[in-house]
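Below: one structure, written as structure tokens.
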Amino acid sequence: MRDLAELRKEIDEIDIQMVKLFEQRMAVSEEVAEYKVAVGKKILDKEREKRKIQAVKAMTHSAFNSHGVEELYNQIMAMSRKLQYQRMEQQAVGRLPFVMVDELEKKNVRVVYQGVEGAYAQQAMFEFFGEDVNHFHVERWRDAMEAIAEGMADYAVLPIENSSAGIVNDNYDLLQEFDNYIVGEQVMTICHALLGTEDAELSDIQTVYSHPQGLMQCAKYLDENRQWQQISLLNTAVAAQKVAEDKDKTQAAIASALAGKQHGLKVLKENINFSGQNSTRFFIVTNQRIFCKNAGKVSICFEVSHESGCLYNVLSHFIFNNLNMCRIESRPIADKNWEYHFFVDFEGNLNDSAVKNALRGIREEALNLKILGNY
């Protein structure tokens with residue numbers, strides 16, 4: 001049996017040769033990139049890579065080594081593609097599909113939000129644009145997206161996730177569906193109250209209305225009052241409006257204290273959401289492909305083939321380009337069982353070379369890619 005030090009020395013010598021050969025291979029890959037750019041050939045050639053994998057596996061002498069070589073060459077070819085994407089991006093001629101602006105126009109604009117007066121979306125709008133902004137409200141989130149798509153409003157304010165209840169699924173789907181783009185975000189601290197009519201007491205309550213996430217965020221408090229019927233409505237402020245209009249002291253709404261004040265309701269119980277750190281992130285959306293020069297977060301949506309390793313290959317572009325991924329979500333694709341749209345937020349600006357390189361690679365290797373915005 002050979003000494004461990006001797007074995008490690010031999011491995012070191014082999015590694016020197018492997019690194020040298022790897023660098024030679026990557027140098028050839030650069031020439032391949034130049035050729036493909038010159039003739040307009042796509043970087044990814046799946047059939048060529050499959051044939052190459054089968055060829056190198058056939059050179060091995062055990063099942064273990066065959067599988068290991070397959071993994072090794074998948075990584076080597078992925079690195080080769082990334083280098084080629086980088087060289088292709090450096091030589092690319094053209095303009096960004098998004099226009100950079102110094103800052104967003106917040107005066108002389110019209111803003112739409114979903115709900116009624118007193119909705120958290122209205123508060124988020126006031127914090128982002130100021131309370132003097134020209135605004136109106138609609139019944140559904142889809143109505144808000146249609147309003148900016150049709151030019152009835154310049155911006156829409158949409159909730160996208162809550163720190164306690166998670167993502168707003170419908171709005172992720174709308175971002176993928178509409179040609180509208182994220183240009184800002186506003187994080188609102190959520191403080192729910194139980195609201196009733198002026199003559200109501202806690203002992204009178206039989207039915208509680210709120211948005212589904214409002215009910216979810218107050219689940220611990222509601223579990224202490226299981227005799228109450230819980231009914232979901234489109235918006236927390238809509239719930240407050242209903243209780244005010246019905247004038248029924250057996251009804252209560254979970255909404256903001258502001259909504260209660262605007263609709264003439266009494267606060268029966270304050271701070272009933274179970275998390276003291278409860279907050280909701282709202283997107284500011286427009287129909288213009290613009291981004292601010294100081295934008296620091298990019299949101300994208302893409303779809304990949306339903307094959308092993310495809311999602312990993314796409315996400316590896318963030319690692320290779322040293323980009324910090326903040327969030328990934330998936331939403332099922334209609335009429336395609338077990339296939340999904342993936343939504344990713346990552347740090348960066350569309351003018352950054354690393355971002356351009358990553359988006360180039362993702363666009364080439366995903367089935368489709370949509371840049372949702374830079375904000």
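A short reminder: the numbers here are calculations on the coordinates, not readings from a lab. Every value quoted in this text rests on a predicted model; they were computed, and no experiment measured them. Because the Cβ atoms are built from the backbone with ideal geometry, glycine has one as well, and the counts that use them run over all protein chains shown.
Here are a few things to note about the model shown:
- When I284, I300 are sorted by how many other C-beta atoms sit within 10 angstrom of their C-beta, beginning with the fewest, the order is I300, I284.
- Beta bridges assigned by DSSP with both partners in the chain are antiparallel in approximately 70 percent of cases.
- Length-normalised contact order for segment 13-94 - Cα pairs under 8 Å, 6+ apart - percent: 41 percent
- Close amide-amide hydrogen proximity is noted between I167 and N162, each under 5 Å apart and 5 or more residues distant or on a separate chain (H modeled in the peptide plane; Pro and chain starts excluded).
- Rg/Rh for segment 193-267, where both radii come from Cα atoms and Rh is the Kirkwood radius: 0.91
- Cα-derived Rg to Rh of the chain, Kirkwood definition: 1.12
- If you model segment 13-94 as an ellipsoid using its alpha carbon gyration tensor, with each semi-axis the square root of five times an eigenvalue, the axes come out at 27, 16, 9 Å, biggest first.
- Unit charges on C-beta of K, R, D, E only; dipole of segment 193-267, Debye: 200 debye
- Cβ charges +1 (Lys, Arg) and -1 (Asp, Glu), total dipole of the chain, debye: 1020 debye
- Relative contact order, percent, the chain [alpha-carbon distance under 8 Å, six or more residues apart]: 18 percent
- Mean Cβ count within 10 Å, highest first, over the residues of peptides 360-366, 135-141, 197-203, 27-33: 360-366, 135-141, 27-33, 197-203
- Once you reduce segment 227-298 and segment 1-46 to the center of their Cα atoms, the two points are 57 Å from each other.
- Charge context of Q288, other residues only, Cβ under 11 angstrom, K/R +1, D/E -1: -2
- Remark: relative contact order (segment 193-267) = 50 percent; criterion is Cα-Cα distance under 8 angstrom and separation of 6 or more residues.
- Debye log10 I(q)/I(0) at q = 0.10, 0.22, 0.25 Å⁻¹ for segment 219-313, Cα point scatterers: -0.53, -1.19, -1.44
- The chain: DSSP helices with Cα axial extent of at least 20 Å and average Kyte-Doolittle hydropathy no lower than -0.5: 4-39
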